[in-house]
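What follows draws every value from the coordinates through simple rules; no lab data is involved. All values derive from a computational prediction rather than experimental measurement. Glycine gets a Cβ as well: all are built from the backbone with ideal geometry, and neighbour counts include every protein chain shown.
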Amino acid sequence: MFKLSDAWNKMLDKLESWIDALVLGLPNFVMAVLVFIIVLILSKYISNVARKLLDRSKLQDSMKHLISRIVAVVIIIFGLFLVLGILNLSKALNTILAGAGVVGLAVGLALQGALSNTYSGIILSYVKYVKFGDWIESNGFAGEVVEIDLRSVTLKQPDNNMVYIPNKLVVENPIKNFSTTSQSRVILHCGVGYDSDLSFVRDLVKKTISDKFDGVDRDDVIFLYNEFGDSSINFETRFWIDSTKALDIHKARTEAMIAIKSAFDKEGIEIPFPIRTLDFPESVTISKQDKSSE
C-alpha cells in the first residue's frame, strides 16, 4: 500500500511539472503559432510579387510558376526554423535535418528519372530555341509546341493528336525547329518524257509556280534536272513560302503539283510512268498451244 501511494505521489509530481512547463511555455507556443501564420501569409504575398515580376521576363510559364513556388517554400522553411527556435526545440531541429538528409537521398534515388525530366524542363524553360507556338521535330515526332512543363514537352501534330515527349529526351536528342525563320522551302520532284523540250519544261514550271503563289518571284524558283531515269528525265523544283508550319508546306506542295500537272496537260507534256514488257520464249508459247489443242 505504501508503494502504491508513493507511485501516486510521483505521478502527481510529474503532472505538476508538465503543467508548469506548459504554462511557462504557453507564451512561446502562442508566439510560435503567430509567427507561423505570419510566415504563411508573407510567403503567399512574396510568391505573388515574384510571379508579377517574372511575368515581365521572357521565361516560360512553367519556369515562372516553378520559381514562385520555390520562393514560397523557402520562406515557409525559414519560418519553420524560427518556430522551432522559439519553442526551444534545437535538438528536434537537428534530428529533423538529419532525417531530411537521409529521406532526400532515398527520394532522389527513387525519383531519378522524374528529377532528370524536371531538370531538363528547367533547361528548356531557359533556352530560346524552343518556345510556345514553334513547329519542331524531335525524337521522330513533329508538331506545334503547345506546352512545356517540368515533365514533358507537348506537341500538337497535324492530325490534331497530342504527343508528350519527356524533357530528358528533348534535351539529349537533336531538335529541328521550323519556326526559327519566317519562311519554309517546298521541294517537289517530278519527271517528263524523253521527247520533251527540257528548256521549255524548265521555263513552264518556274512560270507556273510564280503565277500560283503570291510573293514567289520567277527568278527565286530553283529548277534542277536530276537524272536520266528508266522512263523519264527527272527534275526537282524548289521555292519558298511565308510559313513555318509543316501542314502549310504540304498544302503548298499539293497546289504546286496540281498547277504543274494542269500546265503539262495544256502543253501536251507527258509525265511518264514505268512500263514493263513481258517476253515469253517461243517454246513456252508452243507448249501452251499444244496443251490447249489436246
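Normalising the Debye intensity of the stretch 184-267 to I(0), with uniform scatterers on Cα atoms only, and taking log10 at q = 0.17, 0.22 Å⁻¹ returns -0.65, -1.06. Quick check on the stretch 129-177: take the gyration tensor over C-alpha atoms, sort the square-rooted eigenvalues as a ≥ b ≥ c, and tell me if it's rounded (a/c under 1.5), prolate or oblate. Here the stretch 129-177 falls in the rounded category. Taking 0.36 nm per residue of separation and subtracting the Cα-Cα distance, full extension of the segment from ASP230 to ASP217 would add 1.4 nm.
Backbone geometry of the stretch 269-274 corresponds, through the Karplus equation with coefficients 6.51, -1.76 and 1.60 at θ = phi - 60°, to 3J(HN,Hα) couplings of 8, 8, 9, x, 10, x Hz, x marking Gly and Pro.
Using the Karplus relation 6.51 cos²θ - 1.76 cosθ + 1.60 with θ = phi - 60°, the per-residue 3J(HN,Hα) values for the stretch 146-156 come to 10, 7, 10, 10, 7, 10, 8, 9, 9, 10, 9 Hz, with x marking Gly and Pro.
Here the spin labels are modelled as points 7 Å beyond Cα on the Cα-Cβ line, and at LYS261 and ILE46 they lie 6.7 nm apart. Measuring against 28 Å, Cα to Cα, the residue pairs LYS44/LYS168; LYS176/LYS251; LYS207/LYS251; LYS131/LYS207; LYS168/LYS251; LYS64/LYS168 contain LYS44/LYS168; LYS131/LYS207; LYS168/LYS251 as the ones spanning a longer distance. Once the Cα-Cα distance is subtracted from the 0.36 nm per residue extended length, the ARG253 to ILE70 segment shows a gain of 61.0 nm.
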